[in-house]
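Following: one structure in structure tokens, then a few remarks.
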Amino acid sequence: MLRSIKGLKDILPQQTPQWRYMETIAHTLATQSGFSEIRIPIFEFTELYARSIGGATDIVEKEMYTFPDRDGSSLTLRPEGTAGVVRAVLEHHLLESPSTRKLYYLGPMFRHERPQAGRYRQFHQFGVEAFGTEDPLMDVEVIALLWRFFCSLGLKDLTLHINSIGNPQDREKYIQELKRFLSTKLEVICGNCQRRYSTNPLRILDCKVPICQQATQEAPTLFDHLSLESATHFQSVLDELTSIGIPFTLNYRLVRGLDYYSRTTFEITSPHLGAQSTIGAGGRYDGLVELLQGPSTPAIGFAVGLERVALLLPEQVSSPQPPLFFVAGFGKKAKPIAFKLLHELREAGIRADTDYKSTNLKSLLRSADKLGASYSIILGDDEAHSQTVIIRNMTTKTQELMKLEEISQKIKSLN
Ligand code: HAM
């Protein structure tokens, strides 16, 4: 039997209500806060990701789905949304407005990671990006939207981890000092981190290998090396978060796995998910637009991993549905009349269904129950002959006989 690819998941009919629920809340909250939806392609030229995310990151080094196009150009399935959104806003001149540009997106992303619970090779993100201001209030607005999204879904016990990784000059100075410190630990840290020492030493700080965590416990923190400007900006973010009542934990080790970040970075974790506990993350990326040859434009955003959020939702998400009318037509004469009635109900905007596999009344009523119908409209050859139908309340099991021509009126009163 053909099977799906490792690390990919089907979202089955019993799970789609959960997904629609998450998506509806994402659309509603983002729109409420003035973000407009953008839909970008799921693949781009590889160079876009290599330049934005950074050549020495895990994503670019080993997780991208990259393939040659027929003309030889290198294409990559999007591993995240930020780079594509920046490319799109530049290509379509969306930054040429005096006000901030706020965009959001929903859709699949692709990373060749080792699959495990909460980590997939195709996963879905809800993300937002706000361009054009470095005001710390925008940082807080974005974080507040992320927090509100999770609270609206009823998620509990969440922790907002926050840090400032400063501007590139702050980081350059800090990295010198960090490398001096790490040079004494090179023999004990893991092989991956030994390599990162020269390519991306900051990432050693959030390596999950216990021996590396222990070795870097006393490492100098970037936080202590922030310029006055970065430190003031960060303090304003923290003050405003406090003033609107969003709790946070300062986490000096939070450096994030993508190179484009600067200043504020954040992640939200849940204790109910095991190793893949980060359900949403983001930060400022004040230099990325310029790096991609746009005008100097500060920006900030986040992305939520929707599979991880789905793991935290109750299995049954109740979405209120109008009552279902099941049309139970059986017998040669009755079936076409029943089908016409079904069609008319649907045309009138009424939720209606039938089951062509069931051919007698007993099995039709069983199907009606299975589908959760509130009423069945029973129409056999006898009824067809007398131009009547029976309407059966599936909960009380009471039945009423009425003229076929009266049924639409009756259904409208029950709907
Ligand atoms: P990220 O931290 O790489 O950031 O991903 C954001 C979220 O996507 C993660 O916190 C996690 O919930 C989810 N995620 C990532 N990889 C996987 C995976 N393999 N399986 C399931 N879920 C996953 C970004 O993508 C940035 N673009 C966020 C951003 C937007 N920063 C600024 N703007």
- line: Answer check: the range 101-182, Cα atoms, Kirkwood Rh, Rg/Rh ratio of 1.05
statement: Heavy-atom accessible area of the range 8-80 with neighbours in place, 1.4 angstrom probe: carbon+sulfur share in percent works out to 55
task: Only Cα pairs under 8 Å and at least 6 apart count here; give the relative contact order of the range 325-414 as a rounded whole percent.
output: 29
message: Please compute the modelled spin-label separation between residue 47 and residue 346, points set 7 Å along Cα→Cβ, answer in nm with one decimal.
response: 5.0
message: Using a Förster radius of 56 Å, what is the FRET efficiency between residue 73 and residue 227 based on their Cβ-Cβ separation? Nearest 0.05, please.
response: 0.85
field: Candidates 56, 384, 26: whichever shows maximal mean-square fluctuation once the chain is modelled as a Gaussian network with Cα springs under 10 Å
entry: 384
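Taking Cα atoms of the range 210-273, Rg/Rh with Kirkwood Rh, to two decimals?
We get a ratio of 0.99 for the range 210-273.
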statement: A chain fully extended from residue 214 to residue 188 at 0.36 nm per residue, minus the present Cα-Cα distance, gains in nm 8.4 nm
Pair residue 399, residue 20: separation of 7 Å Cα→Cβ label points (nm): 3.2
field: Translational diffusion of the range 63-154, µm² s⁻¹ [Kirkwood Rh, Cα pairs; Stokes-Einstein; 4 °C; 1.567 mPa s]
entry: 83
task: Once you have all Cα-Cα distances for the chain, histogram them in 10 Å bins from zero and send the whole-percent values.
output: 4, 18, 24, 19, 12, 10, 8, 4, 1, 0
task: Could you state the angle between the C-alpha long axis of helix 334-347 and the longest principal axis of the C-alpha atoms of the chain, as a value from 0 to 90 degrees rounded to the nearest 10?
output: 40
query: For the chain, what proportion of DSSP beta bridges, expressed in % and rounded to the nearest 5, is antiparallel?
result: 80
FRET efficiency for residue 357 and residue 250, using Cβ-Cβ distance with R0 set to 51 Å, rounded to 0.05: 0.25
Rotationally averaged projected area of the range 195-339 (alpha carbon convex hull; nm²): 17.8
- request: Could you state the angle between the C-alpha long axis of helix 168-182 and the longest principal axis of the C-alpha atoms of the chain, as a value from 0 to 90 degrees rounded to the nearest 10?
  value: 70
query: What does the charge count near residue 201 come to, summing +1 for each Lys or Arg and -1 for each Asp or Glu among other residues with Cβ under 12 Å from its Cβ?
result: +4
- request: Output the relative contact order of the range 188-259, whole-number percent, from Cα pairs under 8 angstrom with separation of 6+ residues.
  value: 35
message: Please enumerate, by chain and number, the lysines with C-alpha under 26 Å from the C-alpha of residue 62, excluding those fewer than 8 residues away in the same chain.
response: 6, 9, 179, 185, 208
message: Under 18 Å from a point placed 7 Å out from the Cα of residue 173 along the Cα-to-Cβ direction: which residues of the range 254-271 have their backbone N that close?
response: 262-264
query: Where the convex hull is taken over the Cα atoms of the range 325-414, what is its projected area averaged over directions, in nm²?
result: 5.1
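If I take R0 = 35 Å and measure r between the Cβ atoms of residue 415 and residue 11 in this structure, what FRET efficiency does the formula 1/(1 + (r/R0)^6) give, to the nearest 0.05?
That pair, residue 415 with residue 11, gives E of 0.70.
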- line: Length-normalised contact order of the chain, Cα under 8 Å, at least 6 apart, in percent, tallies to 15
field: Rounded to 10°, Cα long-axis angle of helix 361-371 versus longest principal axis of the chain
entry: 20
statement: Under the 7 Å Cα-to-Cβ spin-label approximation, residue 117 and residue 272 lie apart by a distance in nanometres of 1.3
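The values are calculated or read from the model by the stated rules, or taken from the named source; none is laboratory data. Remember, predicted model here, so these are calculated numbers, not experimental data. With ideal geometry, Cβ positions are generated from the backbone for all residues, glycine too; neighbour counts draw on all protein chains shown. Please note that ligands, DNA and RNA were not included when accessible areas were found on the heavy atoms of the full protein model with its side chains. Shrake-Rupley method; radii C 1.70, N 1.55, O 1.52, S 1.80 Å.
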